[in-house]
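Beneath this line is the structure, given in structure tokens, with notes to follow.
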Amino acid sequence: MNENLTKIQAFNAMCKFLEMYYSRTLSDDVGSLLGDLQMITDGETANPAAWHDWNQAVVEVLNDRLQSSNNFRT
């Protein structure tokens with residue numbers, strides 16, 4: 001199994017996780033978030049700010065990972 005995901009695959013995995021969580025909890029907050037994250041025909045999320053937030057989260061996680069690996073080298 002390839003453990004390296006593209007950004008869109010990681011996004012889809014996050015959405016699937018949230019859908020599974022929603023199906024167990026029926027949380028209105030999670031349902032609202034899922035609505036914002038739905039991809040629409042032009043390749044953007046229903047709420048463009050959600051896609052921006054997702055990209056920012058990816059950048060921060062990648063920076064954290066880079067920072068952590070640099071700390072082990074010193």
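The values are calculated or read from the model by the stated rules, or taken from the named source; none is laboratory data. The structure displayed is predicted, hence computed values, not measured ones. All Cβ positions, even for glycine, are placed from backbone atoms using ideal geometry, and neighbour counts span all protein chains on display. The area values use the complete protein model at the heavy-atom level, side chains included, leaving out ligands, DNA and RNA. Shrake-Rupley method; radii C 1.70, N 1.55, O 1.52, S 1.80 Å.
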Residue pairs meeting the criteria (Cβ under 9 Å; at least 6 apart or on separate chains; first aromatic (Phe, Trp, Tyr), in the stretch 22-46; second assigned to a loop (DSSP other than H, G, I, E, B) and at pLDDT 95 or above): none
Is it true that Leu26 is of a type outside the set (S, T, N, Q) and surrounded by 12 or more Cβ atoms within 10 Å (Cβ to Cβ)? no
Please specify each residue of the stretch 5-23 satisfying the condition of being open to solvent by less than 40 Å² (accessible area, probe 1.4 Å) and among the small types (Gly, Ala, Ser). Ala10
Mind listing just one residue for me: the one in the stretch 33-61 that is part of a loop (DSSP other than H, G, I, E, B) and touching a helix residue (DSSP H, G or I) at 6+ places or on another chain (Cβ under 7 Å) and, of those, farthest from Tyr22 (Cα to Cα)? Glu44
